[in-house]
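Where a number appears in this text, it was derived from the coordinates with a stated rule and is not lab data. Source: prediction; values computed, not measured. Cβ sites come from the backbone with ideal geometry, for glycine too, and all protein chains shown count toward neighbours.
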Amino acid sequence: MHLPVLDLHSPQFVDDLRRAAREVGFFYLTGHGADAHLAQRLMDEAGRFFDLPAAQKQQVAMVNSRHFRGWTRLGDERTGGRADWREQLDMGLDLPAHPVNSQAPAWQRLPGPNQWPTQLPRLRQLSLQWQLQCRDIALQVLRGFAVALDQPADAFVQLCEPQPQQVLKAIRYPGRDVAADAQGCGAHKDSEFVTLLWQDGVGGLQVHSDTGWIDAPPLTGSFIVNTGELLELASQGYLRATLHRVVAPPAHRQRHSLAFFLAARLDAVVNPVTLSPQRAAEARGVECDPANPLLHAVGPNTLKGRLRSHPDVARRHYADVLEAQSR
């Protein structure tokens, strides 16, 4: 089995999207118009960052940011309770930080500025340019999802306005001895609306299907797109948020990628849409993980995921939340 290839501007795009999102939850996207040269420049610049000495990267370590922005060293992010074999730089839009208010919801601490390495001044401009292109494409796909469900085209986009959540991860997977552990990034589902992934020429992404794990090798000039749990929740399970993982490259190789995540604004509440009788009959229902329940309120759902993935940031900046959870 192979992932389907969809052209964003094909007359059949909505029909193809409906089928791909319901059956697999992943697809290649072509015809998107993104600047491949810009993506390569950003990936190269991120590579230069990852090549810096650890002490210099530590200056922008994520643990310094209550907004979950910055560098995560190898092994510091966890998926399924196990350390991932990757390092990454998390970036978003540069936004003003809200003052910490113990009486306000803790998720209001999430927006804020990025941490930029002073050694690489071009990284900020390249990142923000790429984010703008990815956001435009992701919103087009989101409109396609709405139409595929027989909803108004802005049914999901309006939950993003005036400012969606967006995160861009520049990621490096160093080679490792897979005989010891093949986990580059453990099996998980994305929590947002939609994810756009731009890969280099080294494979490793795998998607879970009814028949097992499917390789998703690089396809030049394309994004790999997948639906997140917010869309599964909003579509009553018609759209699938699918388990996926990254197998670490073998020793003496490395893999680079750019992952862009788009979600509703933090103060939004995602309620299920009303499906037509035909679509309702085709919906599979929302999969529930008792250990990680989905929340309709976006802010609390987002914070929950961040705290699980980055326990060091949680301990430093959200000790009050952890204490409240332990009572």
Here the residues of the range 149-189 lying in the modelled label zone of ARG265, meaning backbone nitrogen under 17 Å from a point 7 Å along Cα-to-Cβ, are 154-167
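Rank the residues GLU287, GLU45 as a footprinting-exposure proxy: fewest other Cβ atoms within 10 Å of their Cβ go first. List each step's numbers first, then the result.
Details: GLU287 13, GLU45 19.
The most exposed by this proxy come first: GLU287, GLU45.
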For the residues TRP71, TRP130, what sequence is obtained by ranking on other C-beta atoms within 10 Å, fewest first?
TRP130, TRP71
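Can you give the Kirkwood hydrodynamic radius for the chain, in Å, rounded to one decimal and based on Cα pairs? Numbers along the way, then the final one.
On the way: mean 1/r = 0.0496 Å⁻¹.
Its Kirkwood hydrodynamic radius stands at 20.2 Å.
Can you give the Rg to Rh ratio of the range 141-185, both from alpha-carbon atoms, with Rh computed by the Kirkwood formula? If you can, show how the numbers build up before the last one.
Working: Rg = 18.6 Å, Rh = 14.0 Å.
That ratio equals 1.33.
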Distance from the range 65-111 to the range 176-254 (C-alpha centre basis), Å:
21
In straight Cα distance, which lysines are under 20 Å from LYS57, not counting same-chain residues fewer than 8 positions off?
LYS169
Does anything in the range 1-42 have its amide N under 15 Å from the 7 Å Cα→Cβ label point of GLN278, and if so which residues?
14-19
Simple spin-label estimate for ASP51/ARG73, 7 Å along Cα→Cβ, in nm, reads 2.2
Taking square-rooted eigenvalues a ≥ b ≥ c of the alpha carbon gyration tensor, is the range 127-228 rounded, prolate or oblate, where a/c under 1.5 means rounded and, failing that, a/b exceeding b/c means prolate?
prolate
D (µm²/s, integer) via Stokes-Einstein for the range 1-148, Kirkwood Rh across alpha-carbon pairs, 4 °C, 1.567 mPa s: value 72
